[in-house]
Structures are given as structure tokens and as C-alpha cells.
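> A single structure is presented below for examination.
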Amino acid sequence: MTLLKVILMSLSASLGLFKLQVLRTFGRETSVVDKEVVDVILSNESNKKKLIDRLNQNNNSSVEIKIEGKEFSFVTSD
Amino acid sequence: MEIALNSLILFLLFIFPGIVFRRFYYVGEFSKQFSSGNWINTFYISLVPGLIIQIISYFTFINLIYRKPIVNNYELVNSIYSELKDNSLPKELFNFELLTWIFAYLIVTIIISFIIAQFCWLVVRNLDWDKKFSPLRFNNYWHYYLSGESLKFKDFRGILPKQKVLLTEADVLVDTGNEGTKLYKGFLRQHTICRSTGELKAIYLTDVRRYRRDLPPNNIREVPGHIMIIPAEKILNINLTYITKSEKVINYSTLFLAILNLSILLFLMFNPSKIFLRDTTIFGDIVGRFWLFLGWLFIATMLDTFFKPKNHENVKSLRYGLLFFILIIIIIIYFYFYK
């Protein structure tokens, strides 16, 4: 049973690596929005509100952020 | 309708590979450039890549597939050429074996066009050559501005140095006819351009807010709805704010590993001097390459467990499993091709 699990794990890891390479080679990002931003900020209501509030108050044209896991923070300050 | 046979052959040999190249070079956000302009223009533009691809295809075909000189029978070649020149179908072509080889040659040409187009696209986009050198720039210039890639243009360099644009917020001044103008603000999610001219047709905003003539903080009001589509003819101007993150320097070790990976894979598939696959048939050649590919995939995964152990769970067991598969493939190749 353990042997089967190890074999399946190896197959899964190898195919995962192959899939990653194929996506990197043939994947076409047609959006003007970064995928990480969609996942972390635009799909998360509280993160989105945090960014919108900042942009509504923003008097400076540059807004730099830092994404860590599922959270983000602002790097620059007004 | 009379068809000029010699023109058709010239089209198949020199223009068609160029058209395939253009189809796979103009992809994603730049796909509309393939069908922009008229057909005469497309023919002329396709001629240069078509000629280059034809030369590469010829050498690939005789060295890797046909494996014998293609022009050893000068009488046959001359006869086919003379008949084509007179616009008649050469009877020598009505030979099943020859037709099969011609068909195989066309397939090779299409595959090579695809590979070269992909390679050129990857190099131009990943090394930012389209931003650094204007002749390589794609026609959809709106993409460069709306995605923030324009910051890498020589004219805009220094605005946000060493920053990667993640998201763009647009302040759009819209002409509302008799009501005057309204200023909307939202995240720019998509845009459409005209196929023939490349001009902006519409922009698509989400999380839209509207400016009011009140004092802050009451001067911004949320606009209900999910997506706002603003036609370009109603837009008076757009002010873009880029949300950025610090850009990483090029990871040379990753780049080196990617090139090494591709080189080893090409070496295995080329199988020079029959190093790996010996004394075999065409079927064995194909199956053998499949085993080599699979073997290299397991070896690459094994190397990945050493370079990036954090990407994998239970690394020790995984290595044993991979070693098991690598040994099995070595045994298969040994008994099938060496015994």
C-alpha cells in the first residue's frame, strides 16, 4: 500500500512538473491584469476594499504593494 | 476558372509556411494583427519568414526523416520542374510513395513554422525586445499602455523604475451628451481594438466609482453593477494609475536550468549517432523516444526535488519512487535497444 502511494506520488510530481512546463511554454496571458492580483485582491472582498479605500484617498500616483500568501500590504506611503 | 499551377506550388512552398508562422507568432493579445491588412500585403510579409522556414525545413527533412539526398535523380527533378513551368501537372507526382513523402515534407514545414514562431514569440516577449526595439513592437499599442508595459519604452523609462505593473486603475472622462461630462474611476480589466486599424473600441471597468462635485470624502460614489463598458468614442481622456510591485531581478539559475532542460531534451530526441536507440525500426524509434522523454521527465523531477525541495511533500519517499521509475526505464531501454 505504501509502495503504491509512493509510486502514485512520484507520477503525480512528474506530471505536475510537465504540466507546469507546458503551461509556461504555451500559456498566453491575454489579460492586462496580473493573475496573482486577481487571486489575492480582486477575488477577496476585504482585500479589494482595502485597495479601493487606499486608491480613493490616494493623492500620489504610485501605489506599490507587496503580496504575501493570501494577504497584501502597501509599500509606499503618502 | 483556370488555376495557375506554378503559382499554387510557389504559394505552397514559400508563402504558406510564412502564413503559418504569422498565425502562431501573433497570439494572445496580439492575435488580431494576423488578419489585419489586405491579402496582398500578407503575401509579401509572409514571403521572408517563408523562405527561411523552407531552408530550415529542407535540411531537417533530409537529415532527420528522409535520410538520403533529395536531388539524386536530376532527370526526375528537371522533368517535374519543366512540366510545372508549363503549368501542367507532372505525371511523376502520381506515385503513392512520392506523394507520401511530399505530404510528410509539408507536415515538417508546418511543424517547423510553429516551433520557430513560438520561439520568436517567447524571445521577443520574455526579453522585452518589443518594448526596447520599436520595429519589433506589435500593432496593439493599447495593450502596452493599459497593462503598464509601456513603462519599459525608452520614452517612459524612469517613471516607475524596477516596478512590475500588476493592475491598472483608470480615471475615464466620459462625454455624456447634453449632461456634459462624467468622471469614472475603476479597475481596467479588458479592452477591445478594431481589427483593421488597431484603434480602441471599448474599455471594460470593474468596481467603478463616480466623482461628484462635493468635497472629499463625499466626492466619490460607488456605481452599482459588475462591469462597465465604455465605448471609445465617448471617452475624452484616460488617466492611468498603476498598482505595482517591486520587480525581481532575472533569476539566472532558473534561466540556465530551463535552457539546460531544453537542450538535453532536444539531444535525446535527436539521438545523434544512434547513441540511445540502436538497431531498431521506425516504430522502435518512435516508442524509444517516448521512453527517453519519460525517463528525462523523471530525472528532471528528481533534480527538482534537490533544487526546490520546498515545492514537494515527503521528499525522501518521492525520491525513492522516482528512482524506481528511472531504473525501470533504463532496464526497458537496455533490453529493447541493446540486447
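> Which residues, taken from region B:177-209, are among the hydroxyl-bearing types (Ser, Thr, Tyr), within 25 Å of the chain's Cα centre (by Cα) and under 25 Å from B:Leu166 (Cα atoms)? Working first, answer last.
Within region B:177-209, the first condition is being among the hydroxyl-bearing types (Ser, Thr, Tyr), and the residues that meet it are B:181, B:184, B:192, B:196-197, B:204, B:206.
From the residues that got through so far, the ones that are within 25 Å of the chain's Cα centre (by Cα) too are B:192, B:196-197.
B:Thr192, the sole residue that qualifies.
> Being assigned by TED's automatic domain parsing to the domain that holds B:Gly28 and surrounded by 14 or more Cβ atoms within 10 Å (Cβ to Cβ) narrows it down to one of B:Phe114, B:Phe119, B:Phe153, B:Phe187, so name that one.
Within the list B:Phe114, B:Phe119, B:Phe153, B:Phe187, the selection yields B:Phe114.
> Can you tell which of B:Phe114, B:Phe103 is under 30 Å from B:Ser35 (Cβ atoms) and either at pLDDT 90 or above or within 14 Å of another protein chain (Cβ to nearest Cβ) (or both)?
B:Phe114
> On to the next question. Could you tell me which numbered condition B:Phe119 fails, if it satisfies all but one of (1) assigned to a helix (DSSP H, G or I); (2) away from every other protein chain (no Cβ under 13 Å)?
(2)
> Tell me which residues, restricted to region B:126-183, are over 24 Å from B:Cys194 (Cα atoms) and acidic (Asp, Glu).
Scanning region B:126-183 gives B:Asp128, B:Asp155, B:Glu179.
> In this structure, does B:Lys201 turn out to be surrounded by 10 or more Cβ atoms within 10 Å (Cβ to Cβ), touching a Cys at 6+ places or on another chain (Cβ under 8 Å), without any contact (Cβ under 8 Å) to a residue 60 or more places away in the chain and not hydrophobic (A, V, I, L, M, F, W, C)?
yes
> Being within 20 Å of B:Pro17 (Cα to Cα) and aromatic (Phe, Trp, Tyr), is that true of even one residue in region B:61-84?
The answer is yes; a qualifying residue exists.
> From B:Phe267, B:Phe306, B:Phe276, B:Phe324, which residue is among the aromatic types (Phe, Trp, Tyr), part of a loop (DSSP other than H, G, I, E, B) and not assigned by TED's automatic domain parsing to the domain that holds B:Phe187?
Just one listed residue meets the conditions, B:Phe276.
> A follow-up question, please. Does region B:87-102 contain at least one residue that is among the β-branched types (Val, Ile, Thr) and under 26 Å from the mean Cα position of the chain (by Cα)? Spell out the reasoning first.
Just the residues of region B:87-102 that are among the β-branched types (Val, Ile, Thr), to begin with: B:100, B:102.
From the residues that got through so far, the ones that are under 26 Å from the mean Cα position of the chain (by Cα) too are none.
No, region B:87-102 contains no residue that is among the β-branched types (Val, Ile, Thr) and under 26 Å from the mean Cα position of the chain (by Cα).
> Residue under question is B:Arg319, and the condition is that it be basic (Lys, Arg), closer than 30 Å to B:Thr60 by Cα and out of contact with any Phe, Trp or Tyr (no Cβ under 6 Å at 6 or more places or on another chain); does it hold?
no
> Okay, moving on. List the residue pairs whose Cβ atoms are under 9 Å apart, where the first residue sits in region B:255-277 and is on the phi > 0 side of the Ramachandran plot, the second is of a type in the set (A, V, I, L, M) and in a helix (DSSP H, G or I), and the two are 6 or more positions apart or on different chains.
From residues that are on the phi > 0 side of the Ramachandran plot, the pairs are B:Asn271/B:Leu292.
> Can you tell which of B:Ile235, B:Ile330, B:Ile326 is touching a residue at least 12 places away in the same chain (Cβ under 8 Å), of a type in the set (Val, Ile, Thr), within 13 Å of another protein chain (Cβ to nearest Cβ) and out of contact with any Lys or Arg (no Cβ under 7 Å at 6 or more places or on another chain)?
Exactly one of B:Ile235, B:Ile330, B:Ile326 is touching a residue at least 12 places away in the same chain (Cβ under 8 Å), of a type in the set (Val, Ile, Thr), within 13 Å of another protein chain (Cβ to nearest Cβ) and out of contact with any Lys or Arg (no Cβ under 7 Å at 6 or more places or on another chain), namely B:Ile326.
> So, B:Leu262, is that one surrounded by 12 or more Cβ atoms within 10 Å (Cβ to Cβ), within 13 Å of another protein chain (Cβ to nearest Cβ) and under 23 Å from A:Ser12 (Cβ atoms) or not? Talk me through it step by step, then tell me what you get.
On the way: surrounded by 12 or more Cβ atoms within 10 Å (Cβ to Cβ): yes; within 13 Å of another protein chain (Cβ to nearest Cβ): yes; under 23 Å from A:Ser12 (Cβ atoms): no.
In short, no.
> Yes or no: region A:13-29 includes at least one residue that is in a helix (DSSP H, G or I), modelled with pLDDT of 80 or more, surrounded by fewer than 16 Cβ atoms within 10 Å (Cβ to Cβ) and among the hydrophobic types (A, V, I, L, M, F, W, C).
yes
The values are calculated or read from the model by the stated rules, or taken from the named source; none is laboratory data. Because the structure is predicted, anything quoted here is derived from the model rather than measured. Don't worry about glycine lacking a Cβ; one is built from the backbone with ideal geometry, like all the others, and counts go over all protein chains shown.
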